[in-house]
Ligand code: GLV
Ligand code: MN
Ligand code: MN
């Protein structure tokens, strides 16, 4: 079996051109015109495979096996890209999964179980505020009724947006039957520096961190930036700043490098240089591989909000957008990936980023394969993975899919 390096690198180049910002940055928000064009491009590459789309746009590209009644072996990832990000996050798992299927087919291999590439809708939270939208619905972690209540950043409902994009039908139909997948393996860039630093070309992921995201609304009192004296001000942004610093402190003092927290959104109202902020809407992201430690950090955040509220006379509301449990990867799929590394060195490692595999693991034996990315950089335009690493990752993925597809 031979992975076609030119084909995969050309396809990654072409996919990166579907973007709302100039290269090297990529912005591809779910159901935007560039996302729909990118989906059409990928479906156009799938000759000889069957293509099915569900009501939320999850796309299933199936190589029908000799025993189609057996549960399929799945692989896949996402193609949506956060604003001003790079070209490899998710895409390596989608086009790499397709290349693995193509390389296996060209080698004359015929799978016993079907092998299916799954392109998930909206792994990124950019548009609807919640990550892994497609995979949450697939595994029932997000109910159809909760999905129906989601709105995008302009206030349009998920139902309006997906219908306009051509994806209709009830979200109830998205959920996969238990046993749909015999096994699932996702290929992804590491998005961290460890493989590169250690000079190890592959990572087999054994656990995926538990992400939580909270929207915090802080109400104070606005006014003239010059005329209102400092004593007695109720500046909503200064409360937000204290909360962000308290969250940083909670993450840093957990005792583990696996604890991380970020305040990534902070919208100030009215947003004028000479006006005291009267309201702030901030969204924070807190993660850990250990659920108890993650929840201790969330408790510290809540205590900080209470203190800031009392000390500054502010109103503070906290809404939990999601607070997911970590996932342990399936030991058998981990072992198949490890064996498929052959003579290449690999590390067993945890994933601090979340992935659709976090949710797939709730309904199927699942694991992830990592390849290095330059400097560990991700979610930035200079995200980079070398052709050698990409080809090696696809080669290992293909071997693993072939093994899993032969198991009775
Ligand atoms: C996925 O993009 C994540 O934020 O981990
Ligand atoms: Mn991402
Ligand atoms: Mn990703």
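Here, each number is a calculation from the coordinates, and none is a lab measurement. Note that the structure is predicted; figures quoted are calculated from it, not measured. With ideal geometry, Cβ positions are generated from the backbone for all residues, glycine too; neighbour counts draw on all protein chains shown.
With a/c under 1.5 counting as rounded, go ahead and sort the chain into rounded, prolate or oblate using the C-alpha gyration tensor (a ≥ b ≥ c being the square roots of the eigenvalues; past the cut-off, prolate if a/b is larger than b/c, else oblate).
Here the chain falls in the prolate category.
Counting only C-alpha contacts under 8 Å and six or more residues apart, can you give the relative contact order of the range 1-77 as a whole percent? Before the final figure, lay out each step's value.
Working: 47 pairs, mean separation 11.0, N = 77.
Result for the range 1-77 is 14 percent.
At 7 Å along the Cα-to-beta-carbon direction for both residue 198 and residue 227, put a label point, then send me their distance in nm to one decimal.
So the two model labels end up 6.2 nm from each other.
Place a label point 7 angstrom from the Cα of residue 173 along the Cα-to-Cβ direction, then list the residues of the range 52-72 whose backbone nitrogen is under 13 Å away.
In the range 52-72, the label zone of residue 173 (backbone N under 13 Å from the point 7 Å along Cα→Cβ) covers 52-58.
Using alpha-carbon pairs under 8 Å, 6+ residues apart, how would you state the relative contact order of the chain in percent?
This gives 23 percent for the chain.
So how do 132-140, 358-366 stack up, highest first, on mean other-Cβ count within 10 Å?
By packing density, highest mean first, the sequence is 132-140, 358-366.
Percent of alpha carbon pairs in the range 23-128 separated by more than 16 Å?
58
Give me the number: length gained by fully extending residue 302 to residue 144, i.e. 0.36 nm times residue separation minus the C-alpha to C-alpha distance, one decimal in nm.
Fully extending the segment from residue 302 to residue 144 adds 53.9 nm.
Between residue 252 and residue 20, what is 0.36 nm times their sequence separation minus the Cα-Cα distance? Round to one decimal in nm.
The residue 252-residue 20 span can extend by a further 79.9 nm.
Of the peptides 197-210, 304-317, 81-94, how do they stack up when ordered by the mean number of other Cβ atoms within 10 Å, highest first? Don't skip to the answer; put the middle values down first.
On the way: 197-210: 20.4, 304-317: 15.7, 81-94: 24.9.
Put in order of decreasing packing, that is 81-94, 197-210, 304-317.
Calculate, for residue 151 and residue 4, the FRET efficiency according to 1/(1 + (r/R0)^6) with r their C-beta to C-beta distance and R0 60 Å; round to the nearest 0.05.
Numbers: r = 42 Å, r/R0 = 0.70.
Approximately 0.90, to the nearest 0.05.
For the range 211-323, what's the relative contact order in percent, using C-alpha pairs closer than 8 Å and at least 6 residues apart?
44
How would you rank 279-291, 171-183, highest first, on the average number of other Cβ atoms within 10 Å across their residues? Mind dumping the intermediate values first?
Working: 279-291: 20.8, 171-183: 16.9.
Order by mean packing, descending: 279-291, 171-183.
What is the gain in length, in nm to one decimal, between residue 315 and residue 408 on full extension, counting 0.36 nm per residue of separation less the C-alpha to C-alpha distance?
The residue 315-residue 408 span can extend by a further 27.6 nm.
Using a basic spin-label model with each label point 7 Å from the Cα along Cα→Cβ, how many nm lie between residue 245 and residue 110?
If labels sit at residue 245 and residue 110, their model points lie 6.9 nm apart.
With r as the distance between the Cβ atoms of residue 160 and residue 323 and R0 = 25 Å, compute the FRET efficiency 1/(1 + (r/R0)^6) and round to 0.05.
Once rounded, the FRET efficiency stands at 0.40.
When a/c reaches 1.5 or more, the comparison of a/b and b/c decides; with that in mind, is the range 121-271 rounded, prolate or oblate per its Cα gyration tensor?
Oblate shape, in that a/c is at least 1.5 and b/c is the bigger or equal ratio.
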